[in-house]
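Below is one structure, written out as structure tokens, with a few remarks after it.
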Amino acid sequence: MSAIVELFNSSLVFYLGTIFILGLLVGSFLNVVIFRLPIMMERDWKEQCCELLELEAPEDNNDRKSLNLVTPRSRCPACNHQLKAIENIPVISYLFLKGKCSKCKNKISIRYPLIELVSAITVTVVAYNFGVSLQALFAICLTWALIALTMIDFDHQLLPDDITLPFLWLGIILNLDKFSIFTDLKSSVLGAIFGYGILWFVYITFKLITGKEGMGHGDFKLLAVLGAWFGYQFLPLIIIMSSLVGALIGITLMIFKSHNRSTAIPFGPYLAIAGWVSMLWGSDIMSAYLNAVI
Ligand SMILES: [Zn+2]
């Protein structure tokens, strides 16, 4: 282990190159998580509903029943052709196959290589920013979680507890007095509480005034995660940034795509992006802002 750290420390190019390739590989796995986790959750909910209503569970086809994050191997969604290892190399296979399934020639979504690239680029930025450190290691893990959450929320308006809750606990563990990897324990715990509480308060107020539900409980949990990781001090910045980005994208969508104003726009992706930016440059942004006003 210490040999790897030494090697990383001796060559920045080797360090960043390794992280970039790792980012591509994990990005490929993130595609699986983004696609399969919602299917698995829906399957569990159906089973629970049937149990509660004492109904016979509907016959699901076997593929769906046995699906998990590891098996079966990835297939072409159009013709069910099982991908060979060589067709499953991040980005490269997509380029090599010219974006088409080798068997049925149906188009493969550009989303797959894009997510692999986003994963690789974001974690390389994180690695560069934090250097060879424990901060980098955990910040990279959080980056992957945020990418998965962003895409699942975008597709399904859903932020799975299976991702948010473990990362909430992990955030508090990382900041125990012994470790204090990103902040101190008190800031972390208060961050989790206020992160959840602020959005819950907004949600309840909005609901009392308009009778509508403006955001999901997943959003509270996601902000609690970010608060637990980086401390309550970062919450105002994350909320302001996510609201700005959200308003900007919302207005753009309304202008260009006749986006209905009542269409729910998921808030999770904006929180995730704002959280990630704050993780890297939050302190700089805040001190620049304070310097500007004082
Ligand atoms: Zn195919």
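The values are calculated or read from the model by the stated rules, or taken from the named source; none is laboratory data. Model, not experiment: these values are computed from the prediction. Neighbour counts are summed over all protein chains in view; Cβ atoms, including those assigned to glycine, are modelled from backbone coordinates with ideal geometry.
Some notes on this structure:
- Matching entry among Phe267, Phe230 (being in contact with an Asp or Glu (Cβ under 7 Å, 6 or more places away or on another chain) and surrounded by 15 or more Cβ atoms within 10 Å (Cβ to Cβ)): Phe267
- Only one of the listed residues (Ile115, Ile86, Ile140, Ile147) is modelled with pLDDT under 90 and either within 16 Å of the ligand (Cβ to nearest atom) or within 26 Å of Ser278 (Cβ to Cβ) (or both). That residue is Ile86.
- Within the stretch 36-45, none of the residues are over 25 Å from the mean Cα position of the chain (by Cα), more than 16 Å from the ligand (Cβ to nearest atom), surrounded by 13 or more Cβ atoms within 10 Å (Cβ to Cβ) and not assigned by TED's automatic domain parsing to the domain that holds Phe154.
- Taken together, the criteria place Ser93 among residues that are closer than 20 Å to Gly17 by Cα and within 16 Å of the ligand (Cβ to nearest atom).
- Pairs meeting the criteria (first residue in the stretch 74-90 and of a type in the set (Gly, Ala, Ser), second residue assigned to a loop (DSSP other than H, G, I, E, B) and within 8 Å of the ligand (Cβ to nearest atom), beta carbons under 7 Å, at least 6 apart or on different chains) are Ala78/Cys101; Ala78/Cys104; Ala78/Asn106.
- Residue selected from the stretch 70-83 under the condition away from the ligand (no atom under 13 Å from the Cβ) and not hydrophobic (A, V, I, L, M, F, W, C), by the criterion modelled with the lowest pLDDT: Thr71
- Contacts under 9 angstrom Cβ, first residue in the stretch 100-128 being under 11 Å from Ile140 (Cα atoms), partner part of a loop (DSSP other than H, G, I, E, B) and away from the ligand (no atom under 16 Å from the Cβ), 6 or more apart: Ser119/Pro90; Ala120/Pro90; Ala120/Val91
- Scanning the stretch 100-112 for residues that are closer than 19 Å to Leu30 by Cβ and within 14 Å of the ligand (Cβ to nearest atom) gives Ile108, Ser109, Tyr112.
- Residue list for the stretch 67-112, filter: farther than 18 Å from Arg36 by Cβ and assigned to a helix (DSSP H, G or I): Ala85, Ile86, Glu87, Ile92, Ser93, Tyr94, Leu95, Phe96
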